[in-house]
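Have a look at the structure below, then the notes.
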Amino acid sequence: EADFLWRSARSDILLPSEPGATLAEELDALDRIDDETFVSAAFEITCSTTYGADVPSPLVDAAQRARVRELSAARGPRQANFTDRMLEDPLALRAWLRRLLEDCEQAFFADTWARVQVQLAADARHKADLLQRKGLTEALAAVSPAVTLSEDGSRIMVDKLASSCSSAYGNSLTFVPTAFGWPHLFVLHRPGWAPVIQYPIASPELPEVMALQVVQRRMEALAHPTRMRLCRTLARGPHTTGELAAAYGLTPPEVSRHIATLKKAGLLSTRRRGRYVLHQLDLTTVARIGSDFLQTILR
């Protein structure tokens, strides 16, 4: 009944701005949040364009109350009932949610945490050491290729499909490693809260992070019907511009323009044979587009 808090998105209450050493410490911190703030944060599960705006709590605003009721009702009657209980008696629901998480810790959180905490602590120490020895740019690069520092050093930029910004309240920004988050790169930037970036720890079997613009450029390059036909031939072997022009009834300049687009997207390999230039579709790169797309939109 509460799974919409963590299923398609993640409720803000589940990514604390001040992580504790134990689940009990983090739950104690949640208990110190007032009801209006807690309920507002709990129901921020939509990744909506209004995220980042200082909207009133559903406990005091009729429009927000109607909104969260409508969203939860779309998930099912049990979720709608959970929402009504939260709005009508937040104290009781907060106690119920805490007991749920404590029961889950007893059932499997504790064992899982014991298994991964050494790895996570080592990763955090490594990033902290990089920050101290080599500076913020190197530390961010180690967190994820999708996290970079602006040229003037005033902003940390995260390559995600969403577009928003926040300030580090009290000059505090927390990075939290996770062993289970890939490919997600969560950014909590709730107004008034210290922002948090939760990143998946590196693993040799994980593919490299692809920039959003690169994925978009490749999909756009393949969307043109003429280029799709050219790729059909280029997938079978290397061909010159002249061969492609003759095969498809195009002029060499037309083919060259399409080839340039595919090359810019990184979809072709090129080699010279005497005075001829041969182009071939990079099958490995093309085969990755589907997984790159999923990783990018989920990031």
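Here, each number is a calculation from the coordinates, and none is a lab measurement. Predicted model, so just to flag it, every value in this text is computed and none were measured. No Cβ is skipped: glycine too gets one built from the backbone with ideal geometry, and neighbour counts run over all protein chains shown.
Placing dummy labels 7 Å off each Cα toward the beta-carbon, the span from Arg69 to Glu36 is 2.0 nm. When both bridge partners sit in the range 146-260, DSSP labels roughly 55% of those beta bridges antiparallel. Which FRET efficiency value, to the nearest 0.05, is calculated for Arg98 and Ser8 with the Förster distance at 22 angstrom and r the Cβ-Cβ distance? That gives a FRET efficiency of 0.45. In the structure shown, the pairs Lys134/Lys264; Lys160/Lys264; Lys160/Lys263 are assessed against 31 Å; a Cα-Cα span above that value is assigned to Lys134/Lys264.
Distances between placed amide hydrogens fall under 5 Å for Phe175 paired with Ile197, all partners being 5 or more residues away or on another chain. Labels on offer are (1) 21.1; (2) 25.3; (3) 16.3, and the one holding mean projected area of the Cα convex hull in nm² computed from this structure is (1).
Listed by chain and number, the lysines whose alpha-carbon sits under 20 Å from that of Lys127, ignoring those within fewer than 8 places in the same chain, form an empty set.
Which one of Trp193, Ala63, Leu267 is farthest out on the positive end of the charge dipole of the chain, using unit charges on Cβ (Lys, Arg +1; Asp, Glu -1) and the Cα centre as origin? Sorting the options by dipole projection puts first Leu267. Residues whose amide H falls under 5 Å from that of Trp182, counting only those 5 or more places apart or on a different chain, are absent, with hydrogens built in the peptide plane. Run a plain Debye calculation on the range 234-295 (Cα atoms as equal point scatterers, no solvent) and give log10 I(q)/I(0) at q = 0.19, 0.21, 0.24 Å⁻¹, rounded to two decimals, same order as the q list. Values, matching the q order: -0.72, -0.84, -1.02.
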